[in-house]
Amino acid sequence: MRELRRERLPARLARLVRPLPEDAHVEAFARERRGHGAVRAALHGALRRVVSDFDADGLLGTHPMALYGEASWRDLLGEARRRLLDVGAGAGHVTVHARAVVSEIVTTEVSRALARRLRRLGFACHVVDLAREVPPALGRFDAIALSNVLDRCERPRSLLCASLRLLEPGGVLVASVPLPARPHVDRGGGTVDPDEPLPGRGEDFEASLAELVEGFFEPAGLVVTRLARAPYLSRGRGGAVRALDAAVIVGAGA
């Protein structure tokens, strides 16, 4: 795992860097070479002409992902938590590993196909875009996760602000964003630009992270307490693993 280069960050951010622990699940995922075959790959390509990438994966069960295993969740949350809201939880590949440290997990998704997969795993799932609507029944949470969703949604700032309003005093918000940021929104068979800008396109990882923290998370009201870097892995046809570098930003509400 590549670590953040503290010397390339502003001093006040460099003090917040704390790497994630070794994670057996992520390491095993990187080694495994079992993936979908040619038929599902062809079906995925055909579906992508008419539906989003997320819907295609939800319908076919393609492109499993890894970011946090149990060891990472324990370290990031800091303690056993009562209620976790996983925003844009996808097919639940990351969410399932939080079960060991959270009593109740609630998820949201905008893809109905992915929501069905989350419910099959036993998670309560609200099909809703929190940037536009917050169901009153959601309640509040002492942990909220935004895992690789802010760079793929229409209104990232609105989504972050809505999430922070759902955070209880003393709660923790854990976000991850692949950097440098390449924000876009899957729509139908293509992509469009988001309605709200997302900073984080600096000349290197650390410059992008500083821009993201100072130009996005802090202005929205997140008190950042920790920064880390993590591999964001996905597995495709034939088991080929694609790796992105994700910034992990941990904080609390102002």
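Where a number appears in this text, it was derived from the coordinates with a stated rule and is not lab data. Since the model is a prediction, treat every value here as computed from it, not as a measurement. Here the Cβ is made from the backbone with ideal geometry for all residues, glycine too, and neighbour counts use every protein chain on show.
Structure notes:
- Loop-resident GluC sites (Glu not before Pro) (DSSP state other than H, G, I, E or B) in the stretch 189-254 with no more than 15 further Cβ atoms inside 10 Å of their Cβ: E203.
- Each of S103 and E22 was given a label point 7 Å from its Cα along the Cα-to-Cβ line. The distance between the two points is 3.4 nm.
- Among the trypsin sites (Lys or Arg not before Pro) in the stretch 81-112, those placed in a DSSP loop whose Cβ has at most 16 other Cβ atoms within 10 Å are R99.
- Percent antiparallel among DSSP beta bridges (both partners in the chain, rounded to 5): 55
- Counting charges near D23 (Lys, Arg +1; Asp, Glu -1) among other residues having Cβ under 15 Å from its Cβ returns a value of -1.
- Sites listed here are chymotrypsin sites (Phe, Trp or Tyr not before Pro) in the stretch 172-222 whose DSSP assignment is loop and whose Cβ has at most 10 other Cβ atoms within 10 Å, and the list is empty.
- Positive contributions from Lys and Arg (+1) and negative ones from Asp and Glu (-1), summed over other residues with Cβ under 14 Å from the Cβ of E154, come out at -2.
- Cut-off 16 Å (backbone N to label point 7 Å along Cα→Cβ of R8), residues of the stretch 149-168: none
- Each of H93, H25 has some number of other Cβ atoms within 10 Å of its Cβ, and from fewest to most they run H25, H93.
- Whole-angstrom gap from the stretch 95-120 to the stretch 181-254, using each part's C-alpha centre: 21
- V134-E218 FRET efficiency (beta carbon distance; Förster radius 30 Å; 0.05 resolution): 0.85
- In terms of other Cβ atoms within 10 Å, L13, L77 run from fewest to most in the order L13, L77.
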